[in-house]
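Engineer: Here you go, one structure.
The values are calculated or read from the model by the stated rules, or taken from the named source; none is laboratory data. Keep in mind that this is a model prediction, so the values were computed, not measured. A quick note on method: Cβ atoms are made from the backbone with ideal geometry, for glycine too, and the neighbour counts reach across all protein chains shown.
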Amino acid sequence: MNGFINLLKPPGMSSGAAVAVVKRLTGEKVGHAGTLDPEAAGVLPIMVGRAARLLDYFPDKSKSYISEIAFAGATDTQDAQGTVIEEAKRVPGRDEILAVLSQFRGDILQRPPAYSALKRDGVPLYELARKGIAVETKARPTVIHALELGEQTGPDGFMLSVDCGSGTYIRTLCHDIGQALGAPAHMRFLLRTRHGAFAIDSAVTIEEVIAAGERKEIESLLLPMDFPLKKLPRLDVPERFWKLARNGGKLPAELMPQTRENQHIRVYAEDVLLGVAHKTQDLIRFDVGLTGGD
């Protein structure tokens, strides 16, 4: 059983718990792409079986979110589950917020929050933070492709829609917008609506996954192995090279004359995905194969 489940993770469930449910139902190796905090909801791609081998080769790892920024004080976790560390003084107006959003579009630097899954000496930062151990994190680059202000929600909240690159912290974005305005803020709500090729309009709930598993029909929910790879050039290997390709052998570069060197390629034989490869000057070499053993 190999493929992807486009899961709509509910709030209150950790990404690891979602993986555990699918693992129990399938008996396969299972992982996830792009951790969602327990209180966040939305698209969580679940990788079943050999699908986990393909994560590094997704051509699109960008994400889309709907979030609520609350000008109700800054918290130690930068979200609504934390303790207020800086009291709210005022709520900025819509025009004032719009004026600073341009600072957060395009290539920016973000300092990952202390309460994050990043590790220091093998220990997640959130574990160190809970023990009162302060760890200075370094600012790192990320990209915000689009950032739009939505409706006001109550006396101190506004909706934000964000399209961003991998590794962006939306709660840090909310915190930093508040700092830029001199109006301490945190993230009150987060919904991920897209993770690369996986979109919320086709996601399935954890209840649907469990029900399908109990009916022994969970395979019907699996998206094909090449679902997130459709933007990669495709090579259909000629019959004379089928055996070589299935064994992960090197193929002649002239089979893909239109692709540039080092570009990733999805490789098929008889319409079956064999793996992902890249082209050198003379050869096509497999980066990951899907027909070998586990």
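Engineer: Say whether the condition of being crowded, with 17+ Cβ neighbours inside 10 Å and over 23 Å from the mean Cα position of the chain (by Cα) is met by at least one residue in region 194-205.
Structural biologist: no
Engineer: Across region 166-180, what is the total count of residues that are at pLDDT 95 or above and surrounded by fewer than 18 Cβ atoms within 10 Å (Cβ to Cβ)?
Structural biologist: Number of matching residues: 2.
Engineer: While we're here: Do any strands (runs of 3 or more DSSP E) lying entirely in region 1-117 carry at least 2 residues that are among the hydroxyl-bearing types (Ser, Thr, Tyr), and which ones are they?
Structural biologist: Because the criterion is at least 2 residues that are among the hydroxyl-bearing types (Ser, Thr, Tyr), the strands (runs of 3 or more DSSP E) in region 1-117 that meet it are 63-70.
Engineer: Next question. Of all residues in region 76-108, how many are within 20 Å of PRO155 (Cβ to Cβ), surrounded by fewer than 15 Cβ atoms within 10 Å (Cβ to Cβ) and aliphatic (A, V, I, L, M)?
Structural biologist: 2
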